[in-house]
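Let me begin by presenting the structure, written as structure tokens, before commenting on it.
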Amino acid sequence: MQYSSTIKDILGEKGYHILSIGSNGTVYEALELMAAKGVGALMVIDSGELKGIFSERDYARKVILQGKSSRDTPIHEIMSTTLTTVTLEADVSQCLATMTMQRIRHLPVMDGKRVIGIVSIGDLVKQELTDQKKLIELLQNYIYSGGYA
């Protein structure tokens, strides 16, 4: 039995949805889309290539605190461009450790140079809890039955 899930397991449940905006879009347009879809970040994609991520954190720190206008500021001026990405085979526990060490909340999922999805720290924590519950049930079964069920 597998004790730790992969990103593929999460996207299999969550779906391979990609919410994005072009780098010339405005912060306001990005915020409208994020609010409509109930997400905390958008991938910034130009001509099929991942250029960065725009998050609520970028908005708070690079627009509001710097006195910029949401309606006039293009995404490319404030998006995060130092990106950590993962593949479908990445281990959930390792991704959680990476996100914690790098203090990031979203990981784009790549297939080569193509973006195929995104996972949040919430997605990873939810999956980790599910995995732990399954392992506990397996161990309890083993203890009470004297062997694997």
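Every number here is computed from the coordinates shown, using simple stated rules; none is lab data. Just so you know, these numbers come straight off a predicted model, no measurement behind them. Cβ: placed from backbone, ideal geometry, glycine included. Neighbour counts: every protein chain shown.
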Computed, not fitted: 222 nm per-residue ellipticity of the chain from DSSP H runs ≥ 4 (each -39500 (n - 2.57)), nearest 500, equal to -12000 deg cm²/dmol
Amide H contacts under 5 Å for Lys51, restricted to residues at least 5 apart in sequence or on another chain and with H modeled in the peptide plane, are Val44, Ile45, Asp46
Among Glu77, Glu56, Glu137, the residue with the largest mean-square fluctuation in a Gaussian network model of the chain built from Cα contacts under 10 Å is Glu137
Using alpha carbon centers only, segment 78-95 is separated from segment 1-62 by a whole-angstrom value of 12 Å
Computed over the chain: longest principal axis from alpha-carbon atoms vs helix 27-37 long axis, angle to nearest 10 degrees, is 30 degrees
Listed by chain and number, the residues whose amide H is under 5 Å from that of Leu19, excluding neighbours fewer than 5 places away on the same chain and using placed H, are Met43
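Using R₀ = 22 Å, calculate the FRET efficiency as 1/(1 + (r/R₀)^6) where r is the Cβ-Cβ separation of His17 and Ile121; round to 0.05. Walk me through the intermediate numbers first.
Working: r = 17 Å, r/R0 = 0.78.
Once the sixth-power term is evaluated, E becomes 0.80.
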Under the 7 Å Cα-to-Cβ spin-label approximation, Lys8 and Val39 lie apart by a distance in nanometres of 2.3 nm
Taking R0 as 35 Å and r as the Cβ-Cβ distance between Asp46 and Gln140, the FRET efficiency 1/(1 + (r/R0)^6), rounded to the nearest 0.05, comes to 0.10
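Would you please give the FRET efficiency between Gln66 and Lys133, computed as 1/(1 + (r/R0)^6) with r the Cβ-Cβ distance and R0 = 30 Å, to the nearest 0.05? Don't jump to the answer; show the numbers that get you there.
Working: r = 44 Å, r/R0 = 1.46.
The calculated FRET efficiency here is 0.10.
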Options (i) 1.25; (ii) 0.99; (iii) 1.13 for Cα Rg over 2.2 N^0.38 Å; the value derived from the coordinates is listed as (i)
The chain: longest segment with zero exposed chymotrypsin sites (Phe, Trp or Tyr not before Pro), where exposed means DSSP loop plus at most 14 other C-beta atoms within 10 Å, is residues 17-147
Under the 7 Å Cα-to-Cβ spin-label approximation, Asn24 and Arg114 lie apart by a distance in nanometres of 2.5 nm
